[in-house]
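The values are calculated or read from the model by the stated rules, or taken from the named source; none is laboratory data. Computed from a predicted structure; not experimentally measured. Here the Cβ positions follow ideal geometry from the backbone for every residue, glycine too, while neighbour counts run over all protein chains shown.
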Amino acid sequence: MKSLHLALGLGLGLGLALAAVPALAQQSPPVTATSPDGAVSVAVSIDGDGRAAYAVTRKGKAIIAPSRLGFLFTDVAKIDRRLTITSTEQRDFDETWTQPWGEWAQIRNRYREFKVHLKETTALARVFTVTFRLYEDGLGFRYEFPQQPNMAKTRVADELTEFAFAQDGTAWWKPAYLWNREEYLYNKTGLSAVSTAATPITIRLADGTHVALHEAALVDYAGMNVTRTEGTTLRANLTPGAGEPKVQKTGAWSTPWRTLIIADDAPGIYHSHLMLNLNEPNKLGDMSWFKPGKFAGVWWNMIKGEWSWARGPKHGATNANVKRYIDFAAANGIPDVLVEGWNVGWDGDWFGNGCDMDFTKPTEDFDIAMLAAYAKKKGVRLVGHHETGGAVTHYENQLDRSFAFAAKYGMMVVKTGYVTDAGQLERVDPDGTKYREWLESQWMTNHFVRVAETAYKHRIAFDSHEPVKGTGLHRTYPNWVAREGMRGMEYNAWGGKNPPEHEANIVFTRMLEGPMDFTPGILSLEGERGSAILSTIAKQLALYVVIYSPVQMVADTPENYAKYPAPMKFIRDVPTDWQDTRVLNGEIGDYVTIARKERGGEGWYVGAVGDEEARSLSFKLDFLTPGKRYRAEIYRDGDDADYRTDKRHSIVIENKVLTSADSLSLKIAPGGGFAIRLVPVK
Ligand code: NOJ
Ligand code: CA
């Protein structure tokens, strides 16, 4: 204890003061920093055993009680006890940057950075820094290890980072490590009843403060899940590698940012830009070739089981079908058409077994040259599809030529997929060794970056299904335009449909990761064998505003859209790229109303979704430009609309003239929602 004592004293320049404290009870006084606006503070302390902890307060209230920092390794002693703070540094940063596409055109990145340098007082004498970035709406922190003799190679067994919430509360969370990957409904439980959860996890603390725990910039590291250890304390639980340490590093390394968004209410959580800001700027370059937009697709009939991806009598991707979808897209101003099952490889058991997939070999009934030319003549592009079936190395081996092939046929976007059970992705190393990987393993986080870089070489954007979770990386790799990573519309084709509260849950959880390819707009409200989707038709329209993606699917079939020409107008009109976004109201899992201003225009679009209860939502239109008059095209649930009855198609479409001085109060049916287009009138 003597030596620890001395090191602490020297490190802080407080030797004299500390020398008077009995060794065992010794604690260094915490070092602290505050966000530029003063709201969020962090304190880092060392306890009598030399263990480091951080604590977070907001507006003077404890949010995170002292929580441990540290690591376990597979080959050397852990980093945990016998630490000392050697020095600290602070710097302020304030910049506004422009998103090539997104929910907001301009993003302000204003933070105070606080670096806490630590050193072990053991013989290993390892050094590292915990860097905090403090924002008005939360913080991120990461560990940074410089190159050093006792850490030439690092093999992380797990991270000991804790998140000890200072109060109990209600948590919305998805289980981690289960077979269906990210595709689970959110649990709503007490925080003190969470088991092992994927992030983001969103918590409403007892005093009403909302906190979202997640991570930013997950690259070359294992994804973080969290396990509750006791009470309201969660601890990092890194995704395993395949029979290897969870993370392997050579030389200097750092972790992704561990993030806590903190706000007074649910809308405040959504408004945070902290996730994007903690990612590095665009590493790829010019993105002007990417035009956000909608896409139709040879898809819903496959998901419903009426058509097949495989060749045979039910094959969906035939010349005749694809031409019909291109005609539909052209007639509705939809610039892209996805075609699944277009390539060789689907005929056998492709689920979890994509080794026959070839993304440069169309099937004989899909004439790609003819279809690409036909589409081009009509002002439409094809969207490619690379379903890997989880055969990841097999995909990497054909990655470059697959994107070159897509580019050759004029595609701007490719949808990718990794359908296999969790922990079953196939990796084959150059020496032939086979591994089974998790989606969020270190190797897979790097795989997705290889996809982004390769796709970009060919000026292609991609939309990954069964992806690694989003951590704001689309700032750095802006051609990674969307991903799935949650139960999307496809679950409404099958038994066990998404419940009415699903979208009001995911806005404040999954959507914090970034854009989601939810595939909205099933106006028929029917899944397989005519089974009812638990939604009204107005809610399907609302999803185009509520669930953000720069590439939004117009997911139903042309035949079904022909039956609903009036609501179809909203789908035609709604843009997919925004200047500004405001969450006007919302409670997690109950309801939410979002207003968005189109980029490059003066129109505003409002969408609201509810849950299984009927309710009325009121909001001001003070986001509109004062002095302007707007024609409001309102698509709302009919008075008799109800997701439980055959009235789920009941919709009222009405026009009003409104200004920024007006308010609206609209009813939402059980399972319902509303959508509004506001365009200035001359
Ligand atoms: C699952 C995806 O989510 C879905 O959109 C796709 O059609 C199938 N996999 C086949 O790739
Ligand atoms: Ca899926």
Matching entry among Leu238, Leu278, Leu260 (being farther than 20 Å from Ile63 by Cβ and among the hydrophobic types (A, V, I, L, M, F, W, C)): Leu238
Of the criteria (1) in contact with a strand residue (DSSP E or B) (Cβ under 8 Å, 6 or more places away or on another chain); (2) closer than 18 Å to Val468 by Cβ, which one Gly384 fails: (2)
Top-ranked residue in the range 55-88 [being touching a Ser or Thr at 6+ places or on another chain (Cβ under 6 Å) and hydroxyl-bearing (Ser, Thr, Tyr); ranked as surrounded by the fewest Cβ atoms within 10 Å (Cβ to Cβ)]: Thr57
Test: residue in the range 346-353 that is at pLDDT 95 or above and within 27 Å of Val419 (Cβ to Cβ): yes
Among (1) farther than 30 Å from Lys376 by Cβ; (2) touching a residue at least 40 places away in the same chain (Cβ under 8 Å), the one test that Trp300 misses: (1)
Test: Gly341 is out of contact with any Cys (no Cβ under 9 Å at 6 or more places or on another chain), assigned by TED's automatic domain parsing to the domain that holds Lys304 and free of Cβ contacts under 8 Å to residues at least 60 places away in the same chain: yes
Filter result for Ser618 (surrounded by fewer than 23 Cβ atoms within 10 Å (Cβ to Cβ), more than 23 Å from Ile506 (Cβ to Cβ) and under 29 Å from the mean Cα position of the chain (by Cα)): yes
Test set (1) more than 15 Å from ligand 1 (Cβ to nearest atom); (2) on the phi > 0 side of the Ramachandran plot; (3) surrounded by 24 or more Cβ atoms within 10 Å (Cβ to Cβ) - Gly521 fails condition number: (1)
Only listed residue being of a type in the set (D, E, K, R) and surrounded by 19 or more Cβ atoms within 10 Å (Cβ to Cβ), chosen from Arg91, Arg142, Arg108: Arg142
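Does Ile107 satisfy the condition of being assigned to a strand (DSSP E or B) and more than 26 Å from Pro29 (Cβ to Cβ)? Please lay out each step first, then the result.
Details: assigned to a strand (DSSP E or B): yes; more than 26 Å from Pro29 (Cβ to Cβ): yes.
For Ile107, the condition - assigned to a strand (DSSP E or B) and more than 26 Å from Pro29 (Cβ to Cβ) - is met.
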Those residues of the range 408-431 which are buried (at least 17 other Cβ atoms within 10 Å of the Cβ), more than 17 Å from Gly354 (Cα to Cα) and more than 16 Å from ligand 1 (Cβ to nearest atom), in sequence order: Tyr409, Met411, Met412
Residue satisfying all of: in the range 240-261; in contact with a helix residue (DSSP H, G or I) (Cβ under 8 Å, 6 or more places away or on another chain) and of a type in the set (Val, Ile, Thr); nearest to Ala157 (Cα to Cα) among these: Val247
Matching residues, the range 451-495, being assigned to a loop (DSSP other than H, G, I, E, B), more than 11 Å from ligand 1 (Cβ to nearest atom) and small (Gly, Ala, Ser): Gly470, Gly472, Gly495
Number of the exception - Gly305 against (1) within 15 Å of ligand 1 (Cβ to nearest atom); (2) buried (at least 17 other Cβ atoms within 10 Å of the Cβ); (3) under 31 Å from the mean Cα position of the chain (by Cα): (2)
Some residue of the range 555-562 being hydrophobic (A, V, I, L, M, F, W, C) and buried (at least 23 other Cβ atoms within 10 Å of the Cβ): yes
Test: residue in the range 628-638 that is in contact with a helix residue (DSSP H, G or I) (Cβ under 9 Å, 6 or more places away or on another chain) and over 20 Å from Asp573 (Cα atoms): yes
Matching residues in the range 91-107 - criterion: being touching a residue at least 60 places away in the same chain (Cβ under 8 Å) and over 20 Å from the mean Cα position of the chain (by Cα): Trp97
Scope the range 358-374; condition part of a loop (DSSP other than H, G, I, E, B) and touching a helix residue (DSSP H, G or I) at 6+ places or on another chain (Cβ under 7 Å); matching residues: Asp365, Phe366, Asp367
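Test Leu160 against the criterion of being of a type outside the set (Ser, Thr, Tyr) and either assigned by TED's automatic domain parsing to the domain that holds Ser464 or free of Cβ contacts under 8 Å to residues at least 60 places away in the same chain (or both), and give yes or no. Working first, answer last.
On the way: of a type outside the set (Ser, Thr, Tyr): yes; either assigned by TED's automatic domain parsing to the domain that holds Ser464 or free of Cβ contacts under 8 Å to residues at least 60 places away in the same chain (or both): no.
The answer is no for Leu160.
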Counted residues, the range 163-181 - those being under 17 Å from Arg487 (Cβ atoms) and touching a helix residue (DSSP H, G or I) at 6+ places or on another chain (Cβ under 8 Å): 1
Filter result (in contact with a Ser or Thr (Cβ under 7 Å, 6 or more places away or on another chain) and more than 16 Å from ligand 2 (Cβ to nearest atom)) within the range 404-437: Phe405, Glu426, Arg427, Val428
Residue under evaluation Lys434, criteria (1) surrounded by 24 or more Cβ atoms within 10 Å (Cβ to Cβ); (2) away from ligand 1 (no atom under 16 Å from the Cβ); (3) of a type outside the set (A, V, I, L, M, F, W, C), criterion not met: (1)
Selected residue (criterion: surrounded by the fewest Cβ atoms within 10 Å (Cβ to Cβ)) from residues of the range 496-514 that are more than 16 Å from ligand 2 (Cβ to nearest atom) and not in a helix (DSSP H, G or I): Pro499
Within the range 94-104, considering residues that are buried (at least 17 other Cβ atoms within 10 Å of the Cβ) and either outside the structural domain of Ser272 (by TED's automatic domain parsing) or hydrophobic (A, V, I, L, M, F, W, C) (or both), the one nearest to Gly268 (Cα to Cα): Trp104
